[in-house]
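*Asks:* Starting off with a structure, shown below.
The values are calculated or read from the model by the stated rules, or taken from the named source; none is laboratory data. In this text the structure is predicted, and so the values were computed from the model without any measurement. Using ideal geometry, Cβ is built from the backbone for each residue, glycine included, and neighbour counts are taken over all protein chains shown.
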Amino acid sequence: MHNLPNRILVTGGGGYIGSHCVLELLQRGKDVIVFDNLSTGHKETVDELSNYGNLDFIRGDLKNQTEIDSVFERYNITSVLHFAALSQVGESIKYPEKYYENNVKGTENLLSSMVKHGVKRIIFSSTASVYGEPEELPINEEHKKNPVNPYGNTKLAIEEMLDDYDKKYGIKSVRLRYFNVIGADEQGRTGEWHEPETHLIPNLLKSAAESGREFELYGNDYPTKDGTCTRDYICVQDIVNAHLLALDYLLEKNVTNYFNLGTNSGFSVKEVLDLCSEVTGKQIKVKLLPKRAGDAVCLVADNKKAQEVLGWKPLHSLRFGIETAYRWNEILYKKIKI
Ligand SMILES: NC(=O)c1ccc[n+]([C@@H]2O[C@H](COP(=O)([O-])OP(=O)(O)OC[C@H]3O[C@@H](n4cnc5c(N)ncnc54)[C@H](O)[C@@H]3O)[C@@H](O)[C@H]2O)c1
């Protein structure tokens with residue numbers, strides 16, 4: 001178990017999920033190279049991570065072929081964890097070209113560097129957005145792929161590109177389709193830090209922290225038990241563990257595969273709001289707004305395949321995710337002086 005290759009390249013290691021993975025790899029004694037353009041990631045995060053092991057940070061952009069090539073020239077990389085992407089749905093609708101260039105072209109550059117340097121293993125951060133509006137629940141991996149926004153389209157295009165690069169160049173990939181990732185490192189060394197923040201829990205916690213700041217609730221008449229949308233919340237620690245297992249899987253089996261990472265259970269926005277109130281001990285004021293186009297009523301993962309094939313099991317609760325995010329936010333607010 002966790003017989004990891006030594007030199008691992010982590011694209012997007014200065015961001016939310018990537019930084020948690022880097023931390024775990026460093027703590028397991030691995031040499032990690034973080035490649036990040038810091039477009040949404042943070043130098044402070046990378047600096048903090050470097051206290052925990054052998055980390056080299058390269059500030060570079062996947063859109064630039066030379067910059068990523070030079071990393072493969074300099075280091076003897078064995079595997080790649082590819083988190084780097086732009087991932088805001090709203091922004092992707094406004095500027096689709098930015099998303100295709102960054103996510104699709106960026107990944108294409110990364111794969112061509114891998115081909116040039118004979119690197120054959122990659123774990124890719126995919127998303128539940130590749131499925132679009134669900135036709136069946138829970139959603140399993142064979143569900144129809146029908147993304148409803150450019151962000152999801154870029155992720156699906158990359159999944160297809162990975163299949164093509166496997167056929168032609170023998171690059172093996174594991175695509176992990178995350179549902180809603182939550183929580184932070186228990187010791188507060190890293191956490192979710194997005195500007196602007198579009199995710200539910202950090203926004204609820206912000207509303208709890210700032211009296212007068214209303215939480216914007218988009219629609220309360222969905223056909224669910226309390227009228228608000230239902231999502232599947234998965235803690236970042238469980239996501240990290242899935243990456244370690246996926247690396248083992250690639251090393252042992254040397255085959256391409258794809259897995260949902262979710263909990264098999266859904267919580268409504270109101271349930272999450274109530275739990276955030278309970279954890280913080282604060283009332284959260286709500287501003288009701290109309291439904292947003294493209295918001296699915298309910299997204300819940302069927303995670304059986306990851307359990308059976310990878311031996312993965314989510315171990316952390318929604319409450320744990322909220323508690324760790326709460327503690328992290330207290331640290332973050334001091335850093336950014338809210
Ligand atoms: N957060 C979630 O709930 C969630 C859900 C599903 C999928 N994902 C996927 O997981 C990955 C990580 O998400 P996150 O929430 O940590 O995002 P994030 O924005 O915090 O991290 C992404 C990192 O990639 C870097 N990056 C972006 N474009 C780059 C480029 N061209 N070259 C080099 N670095 C670049 C950013 O600076 C940032 O550090 C993304 O691929 C995202 O699509 C996230």
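*Asks:* Can you tell me which residues in region 250-270 are closer than 20 Å to Asp163 by Cβ, β-branched (Val, Ile, Thr) and surrounded by 15 or more Cβ atoms within 10 Å (Cβ to Cβ)?
*Replies:* Listed by number, the list holds a single entry, Thr256.
*Asks:* I'm told Gly212 meets every condition in (1) surrounded by fewer than 16 Cβ atoms within 10 Å (Cβ to Cβ); (2) at pLDDT 95 or above; (3) at positive phi except one. Can you identify the failing condition by its number?
*Replies:* In the conditions (1) surrounded by fewer than 16 Cβ atoms within 10 Å (Cβ to Cβ); (2) at pLDDT 95 or above; (3) at positive phi, Gly212 misses (2) alone.
*Asks:* Here's another thing I want to ask about it. Just give me the residues in region 129-173 being among the hydrophobic types (A, V, I, L, M, F, W, C) and touching a Gly at 6+ places or on another chain (Cβ under 7 Å), in sequence order.
*Replies:* Within region 129-173, Val130, Val148 qualify.
*Asks:* Just to confirm my filter: which helices (runs of 4 or more DSSP H) fall fully inside region 50-158 and include at least 1 residues that are in contact with a Leu (Cβ under 6 Å, 6 or more places away or on another chain), within 9 Å of the ligand (Cβ to nearest atom) and not small (Gly, Ala, Ser)?
*Replies:* 65-74, 106-116
*Asks:* Give the residues of region 1-38 that are within 19 Å of the chain's Cα centre (by Cα), in a loop (DSSP other than H, G, I, E, B) and surrounded by fewer than 24 Cβ atoms within 10 Å (Cβ to Cβ), sorted by residue number.
*Replies:* Within region 1-38, Asn37, Leu38 qualify.
*Asks:* Also, I was wondering about something else. Only strands (runs of 3 or more DSSP E) wholly contained in region 166-246 count here; list those with 2 or more residues that are more than 10 Å from the ligand (Cβ to nearest atom). So that I can check it myself, show each step before the final result.
*Replies:* On the way: elements: 172-178, 180-182, 215-218, 233-235.
Counting at least 2 such residues, we get 172-178, 215-218.
The rows are residues; the columns are (1) among the aliphatic types (A, V, I, L, M); (2) closer than 25 Å to Glu141 by Cβ; (3) in contact with an Asp or Glu (Cβ under 9 Å, 6 or more places away or on another chain).
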position: Gly219; (1), (2), (3): no, no, yes
position: Cys235; (1), (2), (3): no, yes, no
position: Val240; (1), (2), (3): yes, yes, yes
position: Glu252; (1), (2), (3): no, yes, no
position: Ile284; (1), (2), (3): yes, no, yes
position: Val300; (1), (2), (3): yes, yes, yes
position: His316; (1), (2), (3): no, yes, yes
position: Tyr326; (1), (2), (3): no, no, no
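*Asks:* How many of the residues making up region 39-49 are over 14 Å from His20 (Cβ atoms) and either surrounded by fewer than 16 Cβ atoms within 10 Å (Cβ to Cβ) or more than 6 Å from the ligand (Cβ to nearest atom) (or both)?
*Replies:* Step one: list which residues in region 39-49 are over 14 Å from His20 (Cβ atoms), which gives 39-40, 43-44, 47.
Imposing the further condition that a residue be either surrounded by fewer than 16 Cβ atoms within 10 Å (Cβ to Cβ) or more than 6 Å from the ligand (Cβ to nearest atom) (or both) reduces the set to 39, 43-44, 47.
Adding up the residues that qualify gives 4.
*Asks:* Conditions first: (1) assigned by TED's automatic domain parsing to the domain that holds Val148; (2) out of contact with any Gly (no Cβ under 9 Å at 6 or more places or on another chain); (3) in contact (Cβ under 8 Å) with a residue 40 or more places away in the chain. Leu245 passes all but one, so which condition is the exception?
*Replies:* Every condition holds for Leu245 apart from (2).
*Asks:* Tally the residues that are surrounded by 15 or more Cβ atoms within 10 Å (Cβ to Cβ) and either within 23 Å of the chain's Cα centre (by Cα) or aromatic (Phe, Trp, Tyr) (or both), restricting the search to region 271-293.
*Replies:* The qualifying residues number 5.
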